[in-house]
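Inspection log for the structure reproduced underneath, given as structure tokens.
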Amino acid sequence: MPVTEYKANDIELDSVLLYNSKRNFVDINDVMVEFSIYHDLFKKVTLCDVFINDANAMVDTFPIVGDETLVIVFRTPTFEKRLKYVFRIYKISEREAVEQRSEGYVLHGCSQESIADLRKSVNRSYVDLKGHEIVEGIYNDFLRPTEEEFGIVKDNISLNLQETLQNHSIVFPGEKPFSAIDYVCYEAFPEVQTQESQAPNFIFFQREDGWYFNTIDSLIEADPVEDFFYAPANAEETSKTEKIHDHQKISTMDIISQLDTIDNLKNGLYAHKIETIDPILKRFTTDTFVYSQEMNEIAHLEKAKKDFGSEFLITEDSFFNSDSDTSKSYYTIGHIGENYSAQTTLSGADVTDPQIRNPRRMHERLKYNIASRFQLSNIEVSVTVPGNSDLHVGQIVNLHVPLATENADFAKRLKMLWDKKFLVTALRHTYQKNDNVFFTVLECVKDTYAKKTIEVK
């Protein structure tokens, strides 16, 4: 039996079907020119664009009125799992004549949860529940797509919830579901604290295989899933004499950003204050964060050493290394005091009130949360690799990036700053039918350098 050979940019496209509200469908593969699917770690939902070249007047025979469901099923040939995406069509754009009897347009789709979020409001209280339990309740009650509501839905949507520590009692007065979940992300503490971080930086995001409620720290501390190499097309070996496979080769690379001290100052990355107000006890506290003194309290992609100035963004004698001035103040409401319900100042109050029984403690670690989020955008790159349906946002990849210079020694030293670990924060799968090419664009970030800056001379 002959062995099928696959190229790095191959795809197995099973179907591209468009359903109307009556569950009638049309196969749009024949008129489709290209599709792109977008994931973003910080934008929650998945989006898609489908480019159409229609010579059969499909929009007349199968009218698109904003009540349609798009289903795309495909896989990368070398991976067993098939990806199934279900989108709600919400817009048509760029409609224009392409040829005498043909017109082109773009179908824009979004996750069904996007529509559910816009249609519904959370008017509900969640009492004495852990953060991940509240997130589960909000998703199942307000966001999870049902056949009754949407007709065509994806089966077995999974919820992957990192467990949280403390109980909360929260009343949502008409909040949108995603906004309510964002509030929980802001308040929750992980049950298992990482060894290297004090930041409770939860996020809620969607991947093809389900929804995730995780701390950024837990993503950062995961092992890399793949190595990618920015190398000439004829490159066969790495410095470790390991063969570079076609699916590991980076075809294009763009440096989106590499440090922005102005933004860092505006956001208070180098130094900021947390001003906490307790309206019940009528207390006010101030907590200060200084980058150079407390960056070891935050997880990093490259393991920080315990001596200052290792992989950090500023050195010990930096102009920004000062606790005398803070560029940003953040204000929050919190419950100040260790044994809040037993405070003498609450004499006569109902200490059985669940909101007193479950005090807000976010202010205790908010400074680390803020710093850990803003540090991620300091080194940001975009790379294009052969289509890979096994890649997801929130994963760690190793990027090996030799620098374009004739001075090999200089390149080796400077390369130490960049190599390896990057966090995938955004991802785009694109299939171009005319060229039969499937590729994946990764937006990756890095919060610290790979080597001590004082070693790179």
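A DSSP coil position with no more than 16 other Cβ atoms inside 10 Å describes the following chymotrypsin sites (Phe, Trp or Tyr not before Pro) in the stretch 40-96: PHE42, PHE79. For the stretch 200-215 and the stretch 76-121, what is the centre-to-centre distance using only Cα atoms, to the nearest Å? Measuring centre to centre over Cα atoms gives 22 Å. Given LYS243/LYS420; LYS7/LYS420; LYS273/LYS421; LYS154/LYS446; LYS84/LYS420, which pairs have Cα atoms separated by over 22 Å? The answer is LYS7/LYS420; LYS273/LYS421; LYS154/LYS446; LYS84/LYS420. Placing a label point 7 Å from the Cα of ASP246 along the Cα-to-Cβ direction, the residues of the stretch 6-25 whose backbone N falls under 19 Å of that point are 6-13. Pairs with C-alpha atoms separated by more than 31 Å, drawn from the list LYS249/LYS367; LYS44/LYS282; LYS44/LYS433, are LYS249/LYS367; LYS44/LYS282.
Every read-out reported here was derived from the displayed coordinates using simple, explicitly stated rules and does not represent laboratory data. Computed from a prediction, not measured in an experiment: that's the story for all the values here. Virtual Cβ from ideal backbone geometry, glycine too; neighbours counted across all protein chains shown.
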